[in-house]
Amino acid sequence: MDHFQYRDGVMWVEEVAVPEIADQVGTPFYLYSTATLQRHFRALDDSFAGLNHLTCFAVKACSNIAILRLFAGLGGGADIVSGGELYRALAAGIEPGKIVYSGVGKTAAEIRQALEAGILMFNLESEQELTVVARCAAELQVTARISFRVNPDVDPHTHAYISTGLAKNKFGIPIAEAPAVYRRAQKMDWVEIVGVSCHIGSQLTKVSPFVDTIDKLKKFLARLAADGIAVKYLDIGGGLGIRYDREEPPEPAAYGAAVRQALGELDCTLILEPGRVIVGNAGIMVTKVLYTKSGQGGEKKFIVVDAGMNDLFRPSLYDAYHAIVPVVQGDGATQTADVVGPICETGDFLARDQEVPAARPGELLAVKSAGAYGFTMASNYNSRPRVAEVLANGAEFHVIRRRESYADLIRGEEIPGFLKES
């Protein structure tokens, strides 16, 4: 369920009419619903009620500090993959002791930044990374709490670009090799082993890959215990999918029940890293139609809008589907068309050969399910300012990120003196 509903043919978000926001903010813009974000976070978190667990939102999915602050207020932590995401999480008020640092390419500077902040733990992905973390911890005279991300070679049955748990993927340490790495870490100074981590992919629509992964992890934990290595945390990552089109992902309650059953009597704190499942359907992107045109012979239809692939990259990157609906319903007429943007690339599209509203110039369209990996993947390609982000809360709405200006585009750039003289 989300809080984007039609009233008398006009789309509302909670208690605000979307056209009113467009009039004041301009287009394009991302629009999120506070009530939906809260509902989705609680639905996932409550499915593990009574079990020791920590819900660490995957910041890469939607990183605005206002949204991170909202989750912090609900008791959430953060799963981060960069120093910038750590900075955002701390700025949003997330407790350092609820931050887990994942990712394959942490730099020494980022590792020191996280050690100084006092994060809960690092999810390490290689022996070389372990060496760097230990060295940084020794330099700072602090203990680094670590887990290793193990790769269980489980097929998540998702898009190849967001599959992370297969042997051929770059993530983690092969589960057969991981015990030796844990034994090495056990002997090192300035390092404390506290967990085991695993994340097999994103947009999963079945519970079976999660269950298969947990079965492998339980056997792995038993092997660690035989080596005298006990862990406090089991991080099973995120990846639960949402409905974009005809997918039928499990509800959070069904996911929680399956994970609980698979865990059995395992005695450790569970760490969850949901992202898309919380924010995906809690946000839309609103764009305005600029022009309509036809290809040769009039059979191919194009709707040109003011949002492009730099604003929402998923369709171009993954050939991903996003439903596109009118903000103000007219006569209900639809057509098969490409919805394209202003970017000078054939790959600049929001939809291809998709049944969409038969919109006219000046009308508003809503691109649904845009809350996850929407703004966070946006760029300034073609020197286009990044769009505004807006958060609705009841009868109010707030600009939580202003639209960039042209001056923002060249901030940090400089013409050297020898060019000024020419």
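Only the coordinates and a few stated rules stand behind these numbers; no lab work does. All values reported here derive from a predicted model rather than from experimental measurement. All Cβ positions, even for glycine, are placed from backbone atoms using ideal geometry, and neighbour counts span all protein chains on display.
Table for the structure above
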read-out	value
Between 0 and 90°, nearest 10: helix 252-263 axis offset from the chain longest Cα axis	20 degrees
Using alpha-carbon coordinates, inclination of helix 208-226 to the longest axis of the chain, degrees	20 degrees
Highest-fluctuation residue, Asp245, Asp408, Asp311 considered, GNM on the chain with Cα pairs under 10 Å	Asp408
P(r) tail fraction, region 34-276 - alpha-carbon pairs more than 26 Å apart, %	34 percent
Degrees between helix 34-46 axis and first principal axis of the chain (Cα, 0 to 90, nearest 10)	30 degrees
Residue order, fewest to most surrounding Cβ atoms within 10 angstrom, among Arg276, Arg314	Arg314, Arg276
Candidates Ala254, Ala61, Ala337: whichever shows maximal mean-square fluctuation once the chain is modelled as a Gaussian network with Cα springs under 10 Å	Ala254
Neighbourhood charge, 10 Å Cβ-Cβ cut-off, centred on Met121 and excluding it, Lys, Arg +1 and Asp, Glu -1	0
Antiparallel %, DSSP beta bridges [both residues in region 34-276], to 5	5 percent
Extended-chain gain in nm, criterion 0.36 nm per residue less alpha-carbon gap, Lys206 and Ala91	37.9 nm
GNM result for the chain, Cα springs below 10 Å: residue of Asp79, Asp235, Asp212 fluctuating most strongly	Asp212
Three principal axis lengths of region 264-422 [C-alpha, angstrom, descending]	65, 60, 35
Linear extension gain, Asp227 paired with Val325, 0.36 nm per residue minus alpha-carbon span	29.6 nm
Calculated diffusion of region 358-422, Stokes-Einstein form, Kirkwood radius summed over Cα pairs, 20 °C and 1.002 mPa s, µm²/s	139 µm²/s
GluC sites (Glu not before Pro) lying in DSSP loop within region 170-262, provided at most 14 other Cβ fall within 10 Å	Glu177, Glu247
DSSP-defined antiparallel bridges as percent of all bridges, the chain, nearest 5	50 percent
Qualifying lysines (Cα of each under 24 Å from Cα of Lys368; at least 8 residues distant if same chain)	Lys60, Lys206, Lys288, Lys293, Lys300, Lys301
Neighbour net charge for Phe29 - beta-carbon separation under 14 angstrom, K R +1, D E -1	0
Part-to-part distance (alpha-carbon centres) for region 39-105 and region 263-341, which is given in Å	25 Å
